[in-house]
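Colleague: Handing you a structure now.
What follows draws every value from the coordinates through simple rules; no lab data is involved. Computed from a prediction, not measured in an experiment: that's the story for all the values here. We place every Cβ from the backbone using ideal geometry, glycine too, and count neighbours over all the protein chains shown.
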């Protein structure tokens, strides 16, 4: 049994038309479904029904979904989640457009996590027969796929234990308060062989720091930054190199203030990977390796 | 249980000093051990004892090793391999420097595959505490890590079934002889969430087509090609884009004629990934998307 | 007085509709004028009326134009050209759409060179007021501008002397037959501070080897190669690094067989630059630094 | 007659050993001469004797030198400079190590500008015979060459007129206070065919904002930023895209506080180029196209 990847992020937006403009024209996602004040969108290199849901009214994370393997995985996770003390409920086909039955778990950090294996297959925009490496006619940045989310939690150590014990994630990089053995401030955890599929840092429960799209490489980040400027997208920081994950990054905001990231690079982890430790005195380098300054908005703004 | 990654490639070389010059100075690997006419080398971003073994005398693949998770994985694989009809033997600590007990399987393609979970940990050249994204003073290309091998087999369908049934690999891309449902000519299979950890195409049993190093991105390929030219390394083809895997590539030869690759990019797969099909009429595009010509040496030279 | 840059290339094409598809949709040039079986096109970052003219009927170079400064430059060039023994004639406004009076010179290599300073200004696609770095909605490769042409001549030394004495070009790189002081085989000459604005190699008089578009960088070449493959454009070679000029390159053909190049990079020259010498034994490295093989088509195909 | 390029920048540094460490090990320049508390350095792709002079004691610009063509250029410039009302004096061989006789002009902005054509030729680190595209064994960033300087002046319009009338520079981009015809706030001027060889913005007379090194491309900027972080070099801002010049950039400081830049890209100008106008309301986009915020240190710190 295994968690496969971040499947979708469901966020609130203050104005659906503006949000749609951002995710569709600037980021280049394709709308696949619309109902009840929600727009469902998919990136060009994703197979499943959608990866982002925009819901009008407010701002911030409604919930996110991770896709899991079938064959008893949901049952096993439910058992372990209950044993961990987390509240669970079964979710039903239709609760989310295109998604089948699944499990809804409230994390120790109060975030709502949905787990599912049954989701409508739409396929990528290049197909599965002699495909081109990318589709002509992409709009804006043309993001290929979502990659991870970073959330905040009052108790990072507890949430790390949850992801480890219940979902079999492993930490790739850990930020600690003082020396190497001190309290956990943040953790970047993976379920496959990339540096992170979920991350969290100390902060208020239930909040979203950002969710990220993976782009091809550092050159794609220059072009992404250009598009953001053309479209007057507010930037938090970047282009920059992360120390943590080694990735390239630009952080920016959707029109409602939800933070997005375009991310490139990283390294290969796996079940035998020994975690990297970042100490607080090097945290600025960990976040913005190039500049080594922590941007105040980056620390404070969550939705 | 799971196979984690390609751990090492053990090849014969006609002249150990020349080979060492190539892998150490041009590719930039670090020698970690030497005994009995064998040199063991590690790339800078690899944790385990070694990833390449050079053995003087001849040319071609001696064997390769894939690292697996512990806790019964080897037993489970042995059971399935025997049930598949493959001959297996236990290998002992010390058969390979730095590697513990394991399992040695003869593939249906006559290649020798070693599986192990116990291997000496040396750590990367940047360490695990507030690491830099790369180490200063790299030599030559400065390859970070090995990535996959491509071997040849008389019966691709059989070998695909072996990797699927015994090792739980899955095909990301499949090359078929005619239309979509025709005979399998080649398969690119993964155990994690990258496009391939092993690949094979129809050809003589027991032969190596190439083994590949992963580099950061397309820009790293330009620099790698420059270094190859400075060091008079024979190039097969590239820089080019692969259609299959979407990766960037340069194929080249070590002084003994073993083919190496530097590879960048790709996409994310996973347990739910539906394989891509390439038909023979588009094979040239699949191999060299940019140029769409199949280089004769690429098809014919194996070691 | 000075020559400013290659202004336009006027080529014959066997089929105007096919050629237009290539230059407009694959390369991404904008058609600006059409008359008498000729299509005039401009790249997005060029100011002047056009940089490519396609004329139906046959294949190969009709003529090319270099823009010069005003204020007596044409008179001075005419005097020197006549003194060199080259035949000259005045050309009139309207001989080329958008171009004013000028000078038409027959080179010692039998190519027709037009020189002019008066040309209709259209402006780039990003404008001159707070411009974006590139325009949204580019088609295909989206070439920014033409850069140079390479022609063939029976007498490279004579043509080099012509460009030096009459047009004040200087050689950046020179390919010689044997050792450093032997016969000239090719010359890469500049009028500004880039590595080349014209180049020529030994071959038949009056022929075009290729004309080149400058693109942003090595990453743009990967994308350009992808577009060529999608559009089934025949490739000669590349992506590769040139030894000569250090540029990145892909050589390819328009549907009539005229060779084009996309080119990136280079270095800075200037009036004090001392030329680089390439000896014939290193010519393959000079042309394709990465691969060090001279492609037979590259040597033989001219139009 | 013509100015060829920025030849050298001569700056004061508070601690020569620290400065040397920065320019030699982090930037990768080669020291070529040392005398009287001055270190002269050259970048690997520069031909002339030196391009940076470090002089112990204080901080800020001592003077800078632009190389000109021989044959009466210095006389012509002197005539025009005197006619403009600028004070001039002849400088002598030996005033600057490796540099011959020349002309020293005090700009209307109180900066000392030296003009010379006679300078010792040392050649690049790759030579002029079948050269490699770059030399092995570069240290740190491995900057190829200096590119331009940006200075401050109380009267930008006056200084622009000086550079235009006396030195035949032309403005590529102009920043104005209000609408398109309002007062000049800054000007980016060129003498060759790149976007700028000198630039200046409104500010105190006699001050240096930064001098810049040209690097290959956007990918080189990522690597440069990594090296800066490893060597604890303070960064002002970047990596970022400039709106003005379209270049990629990182601004940073030497240990004495003199601002440096690594710069890539740009476009091609020339004698017929019509200047671009930036209005003050878009100045932030002009400076940092990606982020559109003007960094306070960037505006205020000059040396």
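Colleague: Of the DSSP beta bridges with both residues in the protein assembly as shown, give the percent that are antiparallel, rounding to the nearest 5. Intermediate results must be reported in sequence, preceding the final value.
Modeller: On the way: 220 of 312 bridges.
Around 70 percent of the beta bridges assigned by DSSP in the protein assembly as shown are antiparallel ones.
Colleague: Next up: Only residues of the range A:217-256 count here: report those whose backbone N is under 16 Å from the spot 7 Å along Cα→Cβ of residue A:25, or say none.
Modeller: A:227-234, A:254-256
Colleague: Expressed as a whole percent, how much of the Cα-Cα distance distribution for the protein assembly as shown exceeds 56 Å?
Modeller: Tail fraction, whole percent: 18.
Colleague: Using 1/(1 + (r/R0)^6) with R0 = 30 angstrom and r between the beta carbons of residue D:90 and residue C:2, what's the FRET efficiency to the nearest 0.05?
Modeller: With a Förster radius of 30 Å, E is 0.60.
Colleague: For the range C:145-300, just the Cα set please: Rg and Dmax, both in angstrom.
Modeller: My reading of the Cα-based Rg and Dmax gives 14.9, 46 Å.
Colleague: Would you compute, from DSSP H runs of 4+ residues alone, the mean residue ellipticity of chain B at 222 nm, taking -39500 (n - 2.57) per run and dividing by the full residue count, rounded to the nearest 500?
Modeller: After summing the helix terms and dividing by the residues of chain B, the value is -4500 deg cm²/dmol.
Colleague: Taking the label point as lying 7 angstrom from Cα along the Cα-to-Cβ axis, what are the distances from residue D:138 to the corresponding position in the remaining copies, in ascending order and in nanometres?
Modeller: Reported distances to equivalent positions: 1.3, 2.4, 2.8 nm.
Colleague: May I ask you to report, in nm to one decimal and beginning with the shortest, the distances from residue D:31 to the same position in the other copies, taking label points 7 Å along Cα-to-Cβ?
Modeller: Values, ascending and in nm: 3.4, 6.5, 6.5.
Colleague: Roughly how far apart, in whole Å, are the Cα centres of the range A:125-166 and the range A:261-280?
Modeller: Taking the Cα centre of the range A:261-280 as reference, the centre of the range A:125-166 is 15 Å away.
Colleague: Separate question: Under the definition of partner shielding as Cβ atoms of other protein chains within 10 Å of a residue Cβ, what is the mean value for peptide B:269-280?
Modeller: Mean partner shielding for this stretch: 5.
Colleague: What fraction of the DSSP beta bridges in the range A:145-300 is antiparallel, stated in percent and rounded to the nearest 5?
Modeller: Close to 70 percent.
Colleague: Apply the Debye scattering formula to chain D, with a single equal point scatterer on each alpha-carbon and no solvent, then give log10 I(q)/I(0) at q = 0.07, 0.11, 0.16 Å⁻¹.
Modeller: The Debye formula, applied to the Cα set alone, gives -0.24, -0.63, -1.44.
Colleague: Roughly speaking, what is the centre-to-centre gap between the range B:1-39 and the range D:208-246 when only Cα atoms are used, to the nearest Å?
Modeller: The distance from the Cα centre of the range B:1-39 to that of the range D:208-246 comes to 37 Å.
Colleague: Ratio of the range D:240-297's C-alpha Rg to 2.2 N^0.38 Å, to two decimals?
Modeller: For the range D:240-297, the normalised Cα radius of gyration comes out at 1.28.
Colleague: What is the packing order of peptides C:229-241, D:190-202, taking the mean over residues of other C-beta atoms within 10 Å and listing the highest first?
Modeller: Details: C:229-241: 20.5, D:190-202: 23.8.
Top to bottom by mean Cβ count within 10 Å: D:190-202, C:229-241.
Colleague: Still on this structure, I have one more. In nm, to one decimal, how far is the residue B:294 label point from the residue C:281 one, both placed 7 Å along Cα→Cβ?
Modeller: 3.8
Colleague: Now a separate question. Pull up the DSSP beta bridges for chain C and report the antiparallel fraction as a percent, rounded to 5.
Modeller: If we restrict to bridges inside chain C, about 70 percent are antiparallel.
Colleague: Looking at the range D:3-116, what % of the alpha carbon pairs are farther apart than 19 Å?
Modeller: Tail fraction, whole percent: 47.
Colleague: log₁₀ I(q)/I(0) of the range C:82-194 at q = 0.11, 0.12, 0.17 Å⁻¹, via Debye over equal Cα point scatterers, no solvent, to two decimals?
Modeller: Each listed q corresponds, in turn, to -0.55, -0.64, -1.01.
Colleague: For the rotation bringing B onto C, which B residue has its Cβ nearest the axis, and at how many Å?
Modeller: Residue with the nearest Cβ, plus whole-Å distance, for chain B: B:239, 3.
Colleague: Within a 10 angstrom radius of each residue's Cβ in C:68-78, how many Cβ atoms of other chains show up on average? Whole number is fine.
Modeller: Mean partner-chain Cβ count within 10 Å for C:68-78: 1.
Colleague: Let me ask something additional. How far is residue A:110 from the same spot in each other copy, in nm, shortest first, if each label point sits 7 Å from Cα toward Cβ?
Modeller: When each copy's label point is compared with this one, the spacings are 5.9, 6.7, 8.5 nm.
Colleague: For peptide A:210-222, compute the average count of partner chain beta-carbon atoms within 10 Å of each residue's beta-carbon.
Modeller: Shielding by partners across A:210-222 averages 5.
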